[in-house]
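*Asks:* Below you'll find the structure I mean.
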Amino acid sequence: MSTIASLKPVLLFALLCVASCAPLMPIQFRSVTDFKVKNLTSSPEITVNLNLYNPNSVGGKVKEFDLDFILSESQLATVQLKNVRVAAMSEFALPLSTITSYSQIVKFLPSGINSFLDGKDIPLSFKGTVTLKKFLFKKTFPLEFHDTINSKDIQLK
């Protein structure tokens, strides 16, 4: 009996090593929620929750997250995050916040005004890279998410 009890830590360590050697898989896109535009008259700030899923069997850390935020084919800003913990096989929301310039908003206006007035869906894209780290392993994945947001769901403050 004492031999089996002494082997438990070794077996658990071996199981952990095997599980940690599984290849890292990219984060999966789920949806975009809580789209808000604040300070429209001074320095426009855009906030949005990016709902994602981590398909990896072991939790890890998003070391770097670099995304171009594109609304109706107009790049509004680049969003960067670092060192965000993600649990294994779970959905999570990344609250993104960025300040954009008036020149970027002006590029969006020609197509955006019609969408706002008609209550239409506006195409929304995120393009960039994410670097995941699990123990000593680190891997960078390209990301490209496409969705639409109804103009009525955009909160102006």
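The values are calculated or read from the model by the stated rules, or taken from the named source; none is laboratory data. Quantities reported herein were computed from a predicted structural model and do not represent experimental measurements. Quick reminder, even Gly has a Cβ in these numbers, built from the backbone with ideal geometry, and neighbours come from all protein chains shown.
*Asks:* Filter segment 108-119 down to residues that are at pLDDT 75 or above and in contact with a strand residue (DSSP E or B) (Cβ under 8 Å, 6 or more places away or on another chain), then give me how many there are. Please lay out each step first, then the result.
*Replies:* Restricting attention to segment 108-119, the residues satisfying the condition of being at pLDDT 75 or above are 118-119.
Checking the rest, the ones that are also in contact with a strand residue (DSSP E or B) (Cβ under 8 Å, 6 or more places away or on another chain) come to 119.
Going through segment 108-119 one residue at a time, the tally reaches 1.
*Asks:* From the list 105, 122, which residue is surrounded by 15 or more Cβ atoms within 10 Å (Cβ to Cβ), part of a helix (DSSP H, G or I) and either free of Cβ contacts under 8 Å to residues at least 60 places away in the same chain or touching a strand residue (DSSP E or B) at 6+ places or on another chain (Cβ under 9 Å) (or both)?
*Replies:* Only one candidate passes the filter, namely 105.
*Asks:* Suppose the filter is part of a strand (DSSP E or B), at positive phi and not aromatic (Phe, Trp, Tyr); does residue 68 pass it?
*Replies:* Taking the combined requirement at face value, the residue does not satisfy it.
*Asks:* Quick one: which residue in 97, 90, 151, 103 is among the small types (Gly, Ala, Ser) and within 17 Å of residue 30 (Cα to Cα)?
*Replies:* Just one listed residue meets the conditions, 90.
*Asks:* Moving on. Would you check if residue 62 is touching a Phe, Trp or Tyr at 6+ places or on another chain (Cβ under 7 Å), over 22 Å from residue 44 (Cβ atoms) and at pLDDT 90 or above?
*Replies:* The answer is no for residue 62.
*Asks:* Now, a different point. Check 52, 76, 40 and return the single one that is aliphatic (A, V, I, L, M) and part of a loop (DSSP other than H, G, I, E, B).
*Replies:* 40
*Asks:* Restricting to segment 86-131, count the residues that are among the charged types (D, E, K, R) and under 12 Å from the mean Cα position of the chain (by Cα).
*Replies:* The number of residues fulfilling the criteria is 2.
*Asks:* Further, regarding this structure: Residues to consider are 99, 70; find the one that is closer than 18 Å to residue 153 by Cβ, among the aliphatic types (A, V, I, L, M) and either modelled with pLDDT of 85 or more or touching a Ser or Thr at 6+ places or on another chain (Cβ under 6 Å) (or both). Steps first, answer last, please.
*Replies:* Working: 99 fails: closer than 18 Å to residue 153 by Cβ.
70 is the lone residue from the list that is closer than 18 Å to residue 153 by Cβ, among the aliphatic types (A, V, I, L, M) and either modelled with pLDDT of 85 or more or touching a Ser or Thr at 6+ places or on another chain (Cβ under 6 Å) (or both).
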